[in-house]
1. Within the set of pairs 6+ apart or on separate chains, which have a first residue in segment 187-213 that is on the phi > 0 side of the Ramachandran plot, a second that is open to solvent by less than 60 Å² (accessible area, probe 1.4 Å), and C-beta atoms under 7 Å apart?
2. Of the numbered conditions (1) open to solvent by 70 Å² or more (accessible area, probe 1.4 Å); (2) hydrophobic (A, V, I, L, M, F, W, C); (3) touching a Leu at 6+ places or on another chain (Cβ under 6 Å), Met214 satisfies every one except a single condition; which is it?
3. Which ones in segment 157-190 are under 15 Å from Gly135 (Cα atoms), open to solvent by 30 Å² or more (accessible area, probe 1.4 Å) and not charged (D, E, K, R)?
Amino acid sequence: MGRVQGKTAIVTGAASNPGLGFATAVTLAREGARVVVTDVDEAGASRCAAAIQEAGGEALALGQDVTDEAQWKAVLEQAGAAYGGLDVLVNNAGIAVLKRLEEMSLADWNRQIEVNLTSVFLGCKYGMAAMRASGGGSIINLSSVAGLVGMATCVAYGAAKGGVRIMSKSIAVEGAADNIRCNSVHPGVIWTNMQAQATGLDEPQAVPPERVPMGRMGEPQDIANCVLYLASDESNYVSGAEFTVDAGMTTQ
């Protein structure tokens, strides 16, 4: 307990349960952070904040379209007013429109780049300014294994997530002088509502070992645990790195 005690964190895309953002927000709060949970689904964000508060933590729910620059400014202002400063930013919000290239429209492409990549740019831009005023901080950007290796139906999704990967490294270089760290996390096959929607499955399934050596789907908590490490002072010398949490999926 207390691994991020006293820190203020923003977690985007925190409404969906089971989901990476929801699990991450709850985990950071359990470890002592004051958490601002945001989502375009404001009612879902409120449910996440309520779960944190019921467990004795501190949380503020805000509606946010992460592609809207003005809303990013507003979220940072409200977070600062509520808790003062910013120590941790988790750019988690994202979508997956999985189609083969010839079936993908320009609108499909643009929307995934906007939500999965441009939103991270906006979060980092305004988050870094807030962190400078606080004396530093940790930015954790959610990418994907699709940002590391090629996958069918992931042309746009993979392009966006690959962009998040390399952008995170450049941000780490730019932020170093101000004690701002930036790292990317690359989940493999994790059971979330997004995974269920993408696959059409109703519950977690075994995964062939030739695809995932450990033969199973991961859980949102597996990702939340990695984010917690990067948010904490335990990782104070870690920046510009990529953390692959995929049960060995990208090793073969």
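1. No pair meets every condition.
2. For Met214, the exception is condition (3).
3. Ala176, Ala177, Asn179
The values are calculated or read from the model by the stated rules, or taken from the named source; none is laboratory data. Computed from a predicted structure; not experimentally measured. Quick reminder, even Gly has a Cβ in these numbers, built from the backbone with ideal geometry, and neighbours come from all protein chains shown. Protein only, heavy atoms only, side chains kept; ligands, DNA and RNA dropped before computing areas. Shrake-Rupley method; radii C 1.70, N 1.55, O 1.52, S 1.80 Å.
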